[in-house]
Amino acid sequence: MIDLTTLDYLFIFSFFSLTLGIGFYVSRKSGKSSAEYFLSGRTMPWWLLGVSMVATTFSTDTPNLVTDIVRTGGVSGNWVWWAFLITGLLTVFIYAKLWRRSGVNTDIEFYELRYSGKPAKFLRAFRAVYLGVIFNVLAMSAVSLAAIKIGQIMLGLTALETIGIAGLVTVIFSTVGGFKGVVYTDFILFFVAMAGGIGAAWYCVNLPEVGGIQALMVHENVADKLNILPDLDNKETLITLLIIPLAVQWWSAWYPGSEPGGGGYIAQRMLAAKNENHAIGATFFFNILHYALRPWPWILVALASLVVYPDIASIKEAFPGVTQDKLGHDLAYSAMLTKLPNGLLGVVLTSLVAAYMSTISTHLNWGSSYVVNDVYLQHINPKASQRELVNIGRISTVLLMVISAGLALVLNNALQLFNIILMFGAGTGLIFILRWFWWRINAWSEISAMFASGIISILINFTPIGETLFGGAQTEGLMPGWMTYPFIVGITMAVWLLVTYLTRPESNTTLENFYRKIQPGGPGWHQVIKNYKGTEGLVSESNEAWNVPAGIAATLVGCVVIYSSLFATGYWIYGEHNKAITLTLTAVVAGIVLSRLWRKIKAVIF
């Protein structure tokens, strides 16, 4: 437990007061209608939405997750989430404008725009509960778990005390301020969180027991953890950390904030943008900040922790008050923060509070938007007034917070939950990518994929079937362990493709209305255009040439820009200047090429 000074408390309570003040300031306008409460009237600029997206992913569990990954698998282990950059940039250059053009209030409402009949209604309601409540609660519980661990190590608080204090403030400003309050506070939260992350990294690397960046790089506990790419000579590591994420995971998995084709709270922000160009600009800005700017402060603290706390036993020895069920490598991040001096300690604690509040507030508003628009308004009271909808949104916000806090009390570590969520979404991602561009996909395609992925994941992870196929702690299975994820993806895809061809396509009216509104273009809609009696009114006269090929090219070049920037930063830190210079120049050249491609797809906003 650390001793906080008056200065530390001043930072923390000033921040609490500021966020609550913003929430109450915007509450009157946010409470006018559900559109204001959940989308702020669709008037948000790209830069504010982009910062809000990255602030949301700047959660308390993220540095813990990165620390766990680095300590157990080295820096290269981060490819398990770095691979999602491809998904993010496809959203930027292909899907952002489609989402904004749809005009829906939630991405779940999309189901009754793209599909029709009882299957569409069921899918919309089920996904609203499945994602907005179940998966959303899982994601929030991981964030709350991280807050609990920070509270135990740094402040000596019990789990209930931590959740009670941080959760109460968050749920108050989320409830009264709505989406606008969330986005406005996110802008402040981002800069506070970045300042805390960078300050913590600088101080931890320069601790006497670490000895500075040069000593850290050559320390025996760290030297074999520095590779940015996995060991090419280790087949299993290469497949698990690089090949599967880049070849399969990015397009096949559903994960909050990295949904193939866009979705969740990312879609919510695209739908709140002023127009299509602002939606594109917001998502691109988010991906730059998320991948190229943020990871290295966390990675440096994780590497330094290997010197100070080389194993879990050393963490347990230093912090005997930590309960056994919460003990793990992810605790090392919080443990390192106890070394900070007063003043900086207050800033860093404030940054962690900011990270927690930003993520939780976004998930609360996003989840309650599903409950209100896709469950309550559709199935309980279709004639509800705007005031009633806002009140239901506020009630559901509180309930989501309570449920997620309860679940956090029984979880162990963030990596555990990350893997569970990945498994349960395995194989569904390709549908989210193709449903905009292939007329044959129907509601039954998504229903079958959702159930197949969930059932197969349960069988493999929680029954003897998984041990038979892939082995366990003491046994070998029929297939290597790294095949678990591709196996789930393959079976799920086989199921939904079979169901797609065995069931009827959506009605011509539904498909024609969707095409007329979205104008997705491409060969996947030729059958619908061909069947339509004359293309007048179906294909817009202003519809530009199909820009998906240019969008894919921009995605690939954008990956070069951001990955080069990410790795160049790492090599500058490592002191490997030749590699750093080469990658920096690569990023600059690729950036010039990308700007030309951007103009080609008619999405210049600057």
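Brief remarks on what is shown
- Failed criterion for G575 (all others in (1) surrounded by 14 or more Cβ atoms within 10 Å (Cβ to Cβ); (2) among the small types (G, A, S); (3) closer than 30 Å to L300 by Cβ hold): (1)
- Within the stretch 305-351, considering residues that are among the acidic types (D, E) and assigned to a helix (DSSP H, G or I), the one nearest to the chain's Cα centre (by Cα): D325
- Filter result for V301 (at pLDDT 90 or above, of a type in the set (V, I, T) and surrounded by fewer than 22 Cβ atoms within 10 Å (Cβ to Cβ)): no
- G196 being in a helix (DSSP H, G or I), crowded, with 18+ Cβ neighbours inside 10 Å and not acidic (D, E): yes
- Check on I108, closer than 30 Å to V557 by Cβ and at pLDDT 85 or above: no
- Any hit, the stretch 239-259, residues being farther than 30 Å from A494 by Cα, surrounded by fewer than 22 Cβ atoms within 10 Å (Cβ to Cβ) and in contact with a helix residue (DSSP H, G or I) (Cβ under 6 Å, 6 or more places away or on another chain): no
- In the stretch 241-285, the residues that are of a type in the set (F, W, Y) and modelled with pLDDT under 85: W250, W251, W254, Y255, Y265
- Test: residue in the stretch 220-234 that is closer than 30 Å to L434 by Cα, touching a helix residue (DSSP H, G or I) at 6+ places or on another chain (Cβ under 7 Å) and buried (at least 16 other Cβ atoms within 10 Å of the Cβ): no
- Some residue of the stretch 352-375 being at pLDDT 80 or above and not in a helix (DSSP H, G or I): no
- Taking the stretch 366-407 as the range and being among the polar types (S, T, N, Q) and surrounded by fewer than 20 Cβ atoms within 10 Å (Cβ to Cβ) as the test, the residues that pass are Q378, N381, S385, Q386, N391.
- Checking W47 against (1) surrounded by 23 or more Cβ atoms within 10 Å (Cβ to Cβ); (2) in contact with a Phe, Trp or Tyr (Cβ under 7 Å, 6 or more places away or on another chain); (3) more than 30 Å from D224 (Cα to Cα), the condition it does not meet: (1)
The values are calculated or read from the model by the stated rules, or taken from the named source; none is laboratory data. What you are looking at is a predicted structure, and each value in this text was computed from that prediction instead of being measured. Cβ sites come from the backbone with ideal geometry, for glycine too, and all protein chains shown count toward neighbours.
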